[in-house]
Amino acid sequence: MIRLDQVDVFYGKSQALHQVSLSVEAGEIVALIGANGAGKTTVLKAISGLIPWSGDGIVFKDQPLRGFKPEEIARLGISHVPERGGIFANMTVLENLELGTVAQPDKHDLKVRYEKVFQVFPILEERTDQLGGQLSGGERQMLAIGRAMMSSPELYLLDEPTLGLSPIVVGELSNVIREIGEQGGTILLVEQNALMALELARRGYVMEIGRIFREGPSRDLLEDEQVKKAYLGL
């Protein structure tokens with residue numbers, strides 16, 4: 001589905017990613033974990049075309065993404081949910097959801113998309129006329145994921161979806177991510193909550209200072225002594 005080969009990213013003279021290679025197959029949930037500042041968000045921004053990158057390439061469904069603009073990448077079927085959601089506080093819940101359809105010109109099944117979002121997040125149906133800025137932190141994150149669902153993406157890029165949320169809401173969002181995966185969704189999940197991420201994912205990658213230093217099936221990473229000590233608090 002998506003493949004990065006030896007990707008480098010620079011912020012000025014500072015190198016943020018060093019020859020990062022990873023892949024996500026169709027129908028997989030893959031976790032990308034690591035400490036704050038390890039480069040996880042930079043990986044997602046590179047895939048989305050939000051920052052320039054160099055290296056061998058980024059390929060989505062056999063389509064090289066070099067030179068593509070963010071809106072063109074979105075139209076290909078990649079939906080990026082940024083850290084803290086990035087919803088529009090001065091727009092209603094319904095208006096925020098409508099924005100999720102902009103990248104997809106074919107809107108024949110719009111009613112079905114809304115129904116699917118409201119089935120997963122019934123609280124959003126109750127809040128359709130409420131401003132995004134009036135929602136709780138958990139509700140904002142639900143809205144951000146719901147907005148991504150409105151574009152019927154083939155690949156979700158989720159950046160720290162549980163950051164700063166209560167344990168109850170974290171549990172609710174974990175169930176949603178699992179449900180999207182069970183319905184055939186493909187997800188690259190960036191999380192500092194490494195235990196949750198690896199329990200949800202089939203495979204995982206561990207980043208340190210802009211490099212991938214561990215990868216493999218989630219069950220193996222959960223048993224890796226270095227990963228357990230550094231990221232799982234065990």
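Enumerate the aspartates and glutamates that LYS116 could reach by cross-link, defined here as Cα to Cα under 16 Å, with residues fewer than 8 away along the same chain left out.
GLU98, GLU125, GLU126, GLU154, GLU179, GLU182
Once both axes come from the Cα atoms, what is the angle between helix 110-120 and the longest principal axis of the chain, in degrees from 0 to 90, rounded to 10?
Orientation of helix 110-120: about 70 degrees from the principal axis.
Sort 39-50, 75-86 by packing, meaning the average of other beta carbons within 10 Å per residue, with the highest value first.
39-50, 75-86
Counting Lys and Arg as +1 and Asp and Glu as -1, each charge on the Cβ, what is the dipole of the range 138-192 about the Cα centre in debye, to the nearest 20?
Rounded to the nearest 20 debye, it is 100 debye.
Given 0.36 nm per residue, what is the gain on full extension from ASP5 to ALA26 after removing their alpha carbon distance, in nm?
5.8 nm
Just need the relative contact order of the chain here, percent rounded to a whole number, with Cα pairs under 8 Å and 6+ apart.
So the answer I get is 29 percent.
Charges at C-beta only: +1 for Lys and Arg, -1 for Asp and Glu. How large is the resulting dipole of the chain about its Cα centre, in Debye rounded to 20?
Dipole magnitude for the chain comes out near 420 debye.
Which pairs, out of LYS45/LYS229; LYS45/LYS228; LYS40/LYS229, put more than 21 Å between their alpha-carbon atoms?
LYS45/LYS229; LYS45/LYS228
Using only the Cα atoms of the chain, what do you get for the radius of gyration and for Dmax, in Å?
17.3, 51
Length gain on complete extension for the stretch GLU72 to ASP109, per 0.36 nm per residue less the alpha carbon to alpha carbon distance?
The span from GLU72 to ASP109 would gain 11.2 nm if fully extended.
GLU208 to LEU94: extension gain in nm, 0.36 nm per residue of separation minus the Cα-Cα distance?
So the chain would gain 37.1 nm between GLU208 and LEU94.
Between SER54 and GLU125, what FRET efficiency follows from the Cβ-Cβ distance if R0 is 35 Å, with the result rounded to 0.05?
Computed FRET efficiency for SER54 and GLU125 comes out at 0.20.
What is the P(r) of the range 107-183, as percent of Cα-Cα pairs per 10 Å bin from 0?
17, 54, 27, 2
Please report, in debye to the nearest 20, how large the charge dipole of the range 28-119 is about its Cα centre when each Lys and Arg carries +1 at its beta carbon and each Asp and Glu carries -1 there.
In debye, rounded to 20, the range 28-119 gives about 100.
Only the coordinates and a few stated rules stand behind these numbers; no lab work does. In this text, all values refer to a predicted model and were calculated from it rather than measured experimentally. As a convention, Cβ positions derive from the backbone with ideal geometry for all residues, glycine included, and neighbour counts pool all protein chains shown.
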